[in-house]
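Participant: Below: one structure in C-alpha cells.
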Amino acid sequence: MNIVVVGTGYVGLVTGVALAHIGHRVTCVDVDEEKVERMRQGISPIYESGIEPLMKENMEANRLFFMTDGARAYREADVIYIAVGTPENEDGSANLTYLKQAVRDIASAVTKDVIVVTKSTVPVGTNHEIQRMFKQLAPHVHIDVVSNPEFLREGSAIHDTFHGDRIVIGADDERAAAVVADIHRPFGIPIFQTDIRSAEMIKYASNAFLATKISFINEIANICEKVGADVEQVAAGMGMDERIGSAFLRAGIGYGGSCFPKDTKALAKIAANIDHDFELLKAVIEVNNKQQRKLIEKAKKRFGHLAGKKIALLGLSFKPNTDDMREAASLVVARELVAEQAIVVAYDPIAMNKAKSVLPKEVIYADRVEQALERADAAMILTEWDEFRQLDLSVYVNKMKTPIIFDGRNCYALDDIKKYEIEYHSIGRKPIK
Ligand SMILES: NC(=O)C1=CN([C@@H]2O[C@H](COP(=O)(O)OP(=O)(O)OC[C@H]3O[C@@H](n4cnc5c(N)ncnc54)[C@H](O)[C@@H]3O)[C@@H](O)[C@H]2O)C=CC1
Ligand SMILES: O=C(O)[C@H]1O[C@H](OP(=O)(O)OP(=O)(O)OC[C@H]2O[C@@H](n3ccc(=O)[nH]c3=O)[C@H](O)[C@@H]2O)[C@H](O)[C@@H](O)[C@@H]1O
C-alpha cells in the first residue's frame, strides 16, 4: 500500500510518521521546500516530543519519505491523506483555500483509482464538495473520499496517535471504509465507522464540547472567587461522577491554540448558515474571551494602574510542551499590558523564538525565569510549564521587588504558597495576602 500525506504540519507529519511506524510505505508532501529539506535530514519542523527518533527510524527503514513533488507522489499513491491547514476566515468560517488547492493538485496528477482521506478539520458537507470536485476535475479515474478527523493534541501528539480513544471513519463507500480501517487496524484503537457528514460533525462537536467544559469550569471559578469556594475542590468533587468525568475541568485563563478558538467559531458559523443560532456555543466563546483578560483585571484592581510597573510574564505558548503561539492567552495579556504602559519582561522555556515574531515589539525577553523576575512588581503565570510548577518558591521572594503572583494556571498549592511571604492571586481560589 502506497500512502501519501499532503501537508506536514502537526497532523500531517505525525500521521505520516505513525503510519510508517506501523509498517506502511508513506510519502509526506509539502509545498514548503525548506521544511521538506529539514525533514529529509531527520529534523522535525514542529516541537513535539519523541517525533525525531521515530522519523529517523522509519526513514532508515525505507518506509518514510519527504518530497515537494506532489504530482509524482499522487500518481503512485493508493491512498492520499489530506492534512493541510483549514484556518479561520475573518468572519469565523473555515478557510478551505489550501484544502481545495490540494484537491486540484491531486486531481491533475492521478492516473489511477485512489482513495482520498480528509484529516483536516472541515465543515459538514466539505467532503461531498471534494467528491464533486474530483468528478469534475478527474473524470478519468474513480476517487473515493473518506472523512477521518483527527483528535491528537499538540504536545502529546505521538502518544495520542498510538493510544487514541477512537478512530472515526466516515464513508459512503463500504470498500473504501474497509481499506482505511485496515490501514489503521495495527494501532489497536477502536474504529467508529459512520457516514461522512456525521464524521465531519463528530470533530466539531468534540472540540466544541471540550471548549464548553473549559468555559463552564471557568465560570464556576469566577463564582467560587466571589462566594469563597475553591474551584480545584469543586472540580475534583464533580469529576468523581463518571457521567461528568474529571478531564478538562482545569480552570484557568481560558483555552487557546490553533483549534478550539477556530473550530468553535467555525461551528457557530456552520449553525448560523442554516439559520440556527447556537447560543450556548456563542456564550462559550464569549466567556473565553473574557477569561483571557482575567489576570489583567485582577492586576488593575490590585495596583490601580499598571503604568511603569514591571511585570514578568511566565509562559507564552498556549499550553505547555509546545512552542505553538496560535491564539495563546499571552498575546492578549502582553498587548493589554503594553497598552497600559507596563514594562513587560517575558520568559518561556521553548516558545520564545516564535513569541518574538508575534508579541508587541515593546516586550523584553529574559533568558531565564530568575532574570524575568528580577526587580519585578508582579509575575503573571500564563502557561503551566513544569519549570514553573517545580520552581523553588523562594525565588519569587528573593528576586522580585514585591513578590506578587497572578497565576492564570493554578500552578501552586495554596498551602505551599503560605510558607512564603508571597501575595498570590490564582483562578477560582482564595487570594493569599
Ligand atoms: N494542530 C493540531 O493539533 C490539530 C489540527 N487539526 C486539523 O488538521 C489540519 C492541519 O492542521 P495543522 O497540522 O496544525 O496545520 P499546519 O498549518 O501546521 O500545517 C499544514 C501544512 O500543509 C502545507 N500545505 C498547504 N497547502 C499544501 C498543498 N497544496 N500541498 C502540500 N502541502 C500543503 C503547509 O505548508 C503546512 O506545512 C487543520 O484542519 C486542523 O484544524 C486536527 C486535530 C489536531
Ligand atoms: O482539533 C484539534 O486541533 C485538537 O484540539 C485540542 O488539542 P490542543 O489544542 O492541542 O490542546 P488541549 O490540550 O486540548 O488544550 C487546548 C487549550 O485548552 C486549555 N485547557 C485545557 C484543559 C483544561 O482543563 N483547561 C484548559 O484551560 C489549554 O490550556 C489550552 O489552551 C483537542 O484536545 C484535541 O483533541 C484536538 O484534536
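The values are calculated or read from the model by the stated rules, or taken from the named source; none is laboratory data. Predicted, not measured: the structure shown is a model, and the values here were computed from it. Backbone-built Cβ (ideal geometry, glycine too); neighbour counts: all protein chains shown. These accessible areas exclude ligands, DNA and RNA; they are computed on the full protein's heavy atoms, side chains included. Shrake-Rupley method; radii C 1.70, N 1.55, O 1.52, S 1.80 Å.
Participant: Go through segment 26-48 and give me each residue that's more than 10 Å from ligand 1 (Cβ to nearest atom) and within 20 Å of I167 (Cβ to Cβ).
Facilitator: The one that is more than 10 Å from ligand 1 (Cβ to nearest atom) and within 20 Å of I167 (Cβ to Cβ): V26.
Participant: Further question on the same structure: Only one of S394, S426 is more than 24 Å from N222 (Cα to Cα) and either β-branched (V, I, T) or at pLDDT 95 or above (or both). Can you tell me which?
Facilitator: Working: S426 fails: more than 24 Å from N222 (Cα to Cα).
Selected residue: S394, the only one of S394, S426 that is more than 24 Å from N222 (Cα to Cα) and either β-branched (V, I, T) or at pLDDT 95 or above (or both).
Participant: While we're looking at this one, here's another question. Just to check your reading of the model, which residue among L295, L306, L337 is within 16 Å of ligand 2 (Cβ to nearest atom) and over 20 Å from the mean Cα position of the chain (by Cα)?
Facilitator: On the way: L306 fails: within 16 Å of ligand 2 (Cβ to nearest atom); L337 fails: within 16 Å of ligand 2 (Cβ to nearest atom).
Exactly one of L295, L306, L337 is within 16 Å of ligand 2 (Cβ to nearest atom) and over 20 Å from the mean Cα position of the chain (by Cα), namely L295.
Participant: Got a number for residues in segment 6-47 being small (G, A, S) and free of Cβ contacts under 8 Å to residues at least 24 places away in the same chain? Write out each step before concluding.
Facilitator: Of all residues in segment 6-47, those small (G, A, S) come to 7, 9, 12, 16, 18, 20, 23, 42, 44.
Cutting the leftovers down to free of Cβ contacts under 8 Å to residues at least 24 places away in the same chain gives us 42.
Of the residues in segment 6-47, 1 are small (G, A, S) and free of Cβ contacts under 8 Å to residues at least 24 places away in the same chain.
Participant: Here's something else I'd like to know. Residue check, D324 against (1) within 16 Å of ligand 1 (Cβ to nearest atom); (2) under 26 Å from R389 (Cα atoms); (3) open to solvent by 40 Å² or more (accessible area, probe 1.4 Å), all met but one. Which one?
Facilitator: Every listed condition holds for D324 apart from (3).
Participant: Oh, and also: Residue by residue through segment 68-90, note down the ones that are within 19 Å of K112 (Cβ to Cβ) and either within 16 Å of ligand 2 (Cβ to nearest atom) or in contact (Cβ under 8 Å) with a residue 40 or more places away in the chain (or both). Before you say what the answer is, go through the steps one by one.
Facilitator: Let us first name the residues in segment 68-90 that are within 19 Å of K112 (Cβ to Cβ), namely 69-82.
Matches in segment 68-90: D69, G70, A73, Y74, E76, A77, D78, V79, I80, Y81, I82.
Participant: In addition: Tell me which of these A109 doesn't satisfy, since it passes every other one: (1) closer than 16 Å to Y74 by Cβ; (2) in contact with a Pro (Cβ under 7 Å, 6 or more places away or on another chain).
Facilitator: Among (1) closer than 16 Å to Y74 by Cβ; (2) in contact with a Pro (Cβ under 7 Å, 6 or more places away or on another chain), the lone unmet condition for A109 is (2).
Participant: Can you tell me which residue in segment 1-17 is nearest to M59 (Cα to Cα), limited to those that are within 13 Å of ligand 1 (Cβ to nearest atom) and in contact with a Leu (Cβ under 9 Å, 6 or more places away or on another chain)?
Facilitator: Kept after step one, since they are within 13 Å of ligand 1 (Cβ to nearest atom), are these residues of segment 1-17: 4-17.
Subset that is in contact with a Leu (Cβ under 9 Å, 6 or more places away or on another chain): 5, 7, 10-11, 14-17.
Details: V5: 15, G7: 18, Y10: 18, V11: 18, V14: 14, T15: 14, G16: 11, V17: 9 Å.
My answer is V17.
Participant: Another question, then. Counting just the residues of segment 328-360 that are of a type in the set (S, T, Y) and assigned to a helix (DSSP H, G or I), which one comes out farthest from N288 (Cα to Cα)?
Facilitator: Across segment 328-360, the extreme among qualifying residues is S357.
Conditions (1) of a type in the set (S, T, Y); (2) away from ligand 2 (no atom under 13 Å from the Cβ); (3) outside the structural domain of I130 (by the TED database); (4) free of Cβ contacts under 8 Å to residues at least 12 places away in the same chain, marked per residue:
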{"position": "S156", "(1), (2), (3), (4)": "yes, no, no, no"}
{"position": "A171", "(1), (2), (3), (4)": "no, yes, no, no"}
{"position": "H184", "(1), (2), (3), (4)": "no, yes, no, no"}
{"position": "A199", "(1), (2), (3), (4)": "no, yes, yes, no"}
{"position": "Y204", "(1), (2), (3), (4)": "yes, no, yes, no"}
{"position": "I217", "(1), (2), (3), (4)": "no, no, yes, no"}
{"position": "Q233", "(1), (2), (3), (4)": "no, yes, yes, yes"}
{"position": "A236", "(1), (2), (3), (4)": "no, no, yes, yes"}
{"position": "G239", "(1), (2), (3), (4)": "no, no, yes, yes"}
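Participant: Now, a different point. The conditions are (1) away from ligand 1 (no atom under 14 Å from the Cβ); (2) within 26 Å of I270 (Cα to Cα); (3) open to solvent by 80 Å² or more (accessible area, probe 1.4 Å), and V146 fails exactly one of them. Which is it?
Facilitator: Here V146 meets the rest and fails (3).
Participant: With the structure loaded, tell me whether G16 is on the phi > 0 side of the Ramachandran plot and either at pLDDT 95 or above or within 16 Å of ligand 2 (Cβ to nearest atom) (or both) or whether it fails that test. Lay out the reasoning, then the answer.
Facilitator: Values: on the phi > 0 side of the Ramachandran plot: no; either at pLDDT 95 or above or within 16 Å of ligand 2 (Cβ to nearest atom) (or both): yes.
No; evaluated as a whole, the condition is false for this residue.
Participant: Being open to solvent by 50 Å² or more (accessible area, probe 1.4 Å) and of a type outside the set (G, A, S) is the filter; apply it to segment 236-258 and report the residue that is farthest from ligand 1 (Cβ to nearest atom).
Facilitator: M240
Participant: Something else about it: What residue, among those in segment 260-293 that are within 16 Å of ligand 1 (Cβ to nearest atom) and open to solvent by 50 Å² or more (accessible area, probe 1.4 Å), is farthest from G9 (Cα to Cα)? Reasoning before the result, please.
Facilitator: Taking segment 260-293 and keeping what is within 16 Å of ligand 1 (Cβ to nearest atom), we get 260-270.
Subsequent filtering for residues that are open to solvent by 50 Å² or more (accessible area, probe 1.4 Å) retains 265, 269.
On the way: K265: 21, K269: 25 Å.
Top of the filtered list is K269.
Participant: Out of everything in segment 192-219 that is buried (at least 17 other Cβ atoms within 10 Å of the Cβ) and of a type in the set (V, I, T), what residue ends up being farthest from ligand 1 (Cβ to nearest atom)?
Facilitator: Ranking the qualifying residues of segment 192-219, first place goes to I217.
Participant: Can you pull out the residues in segment 295-327 that are without any contact (Cβ under 8 Å) to a residue 40 or more places away in the chain and under 18 Å from P360 (Cβ atoms)? Reasoning before the result, please.
Facilitator: Keep residues of segment 295-327 that are without any contact (Cβ under 8 Å) to a residue 40 or more places away in the chain, which gives 297, 301, 304-308, 325.
Result: L306, A307, G308, M325.
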